[in-house]
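I have placed the structure first, in the form of structure tokens, so that the comments after it can refer back to it.
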Amino acid sequence: MGQWAGYLQLILEGALVTIKLTLLGSVLALIMAFIAGLGRISRFWAVRALATAYIEFFRGTSIFVQLFWAYFVLPLFGFSLTPLQAGILALGLNVGAYGAEVVRGAIKSIGKEQYEACIALNFNRWQSLRHIILPQAFVLMLPTFGNNAIELLKASAVVSLISLSDMTFQAQVVRAQTGSTLMPFLTILVLYFLMSSVISYSIRGLERYLTRGLDGVRS
């Protein structure tokens with residue numbers, strides 16, 4: 001029993017790495033989603049082209065290849081990254097490309113009357129986005145952002161391929177040392193489910209809070 005407690009501790013240490021990957025990767029993904037999403041609706045052709053190129057490239061290529069590029073290829077150009085940094089970069093850029101279309105779609109879904117109200121208030125384009133459009137659009141983005149965060153959490157298992165000691169890597173270590181497949185992989189199965197549930201409930205709570213705030217402003 002004491003032996004299994006030690007192996008459980010090993011997996012929990014990997015869980016901390018997975019949590020760090022998920023949190024920091026999600027922050028990067030959120031930043032990239034807004035940069036590229038807003039870029040897609042820019043009035044400038046060059047900005048739209050750059051945003052589209054980023055989105056199509058990272059959605060159209062494998063996360064495995066992107067991770068290997070971040071960790072093995074970038075050092076050839078003088079950019080050496082730790083396994084954790086490479087994982088955060090690859091996951092954040094990949095999921096951010098999907099999030100960019102969420103941002104664009106949510107902004108485009110805001111009713112025409114809202115834009116007309118901005119004109120009536122004599123707001124410029126940035127003021128309209130900041131004060132009227134984005135607060136409403138952000139609430140619409142949240143459910144899909146939550147899904148993207150969960151997808152990022154599950155995709156974080158790929159970092160075990162570059163020997164980063166996340167949950168999946170540690171489960172493989174335990175399996176190699178004990179010969180048991182059921183216990184380590186059942187453990188991380190439950191941990192992944194618990195983590196995704198925390199993300200899901202957090203997003204729902206934030207969505208309800210922001211919706212009440214918007215309803216209060218409208219009333």
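The values are calculated or read from the model by the stated rules, or taken from the named source; none is laboratory data. Note that the coordinates shown come from a computational prediction; the quantities given were computed from them, not determined experimentally. Using ideal geometry, Cβ is built from the backbone for each residue, glycine included, and neighbour counts are taken over all protein chains shown.
Quick check: anything in the range 73-95 over 18 Å from the mean Cα position of the chain (by Cα) and on the phi > 0 side of the Ramachandran plot?
Yes: one or more hits.
Conditions (1) small (Gly, Ala, Ser); (2) part of a helix (DSSP H, G or I), marked per residue:
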site	(1), (2)
Leu81	no, no
Ala90	yes, yes
Arg104	no, yes
Glu151	no, yes
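Which number in (1) surrounded by fewer than 20 Cβ atoms within 10 Å (Cβ to Cβ); (2) in a helix (DSSP H, G or I) marks the one condition that Thr18 misses?
(1)
Spot the failing condition for Ala70; the list is (1) buried (at least 19 other Cβ atoms within 10 Å of the Cβ); (2) in contact (Cβ under 8 Å) with a residue 24 or more places away in the chain, and only one is missed.
(2) is the only condition that Ala70 fails.
Could you please tell me which pairs satisfy a Cβ distance under 6 Å, a separation of 6+ or placement on different chains, a first residue in the range 83-106 that is free of Cβ contacts under 8 Å to residues at least 12 places away in the same chain, and a second residue that is surrounded by fewer than 21 Cβ atoms within 10 Å (Cβ to Cβ) and of a type in the set (A, V, I, L, M, F, W, C)?
As it stands, the answer is none, since no pair meets every condition given.
Restricting attention to the range 199-219, which residues are surrounded by 15 or more Cβ atoms within 10 Å (Cβ to Cβ) and modelled with pLDDT of 90 or more?
Result: Ile199, Ser200, Ile203.
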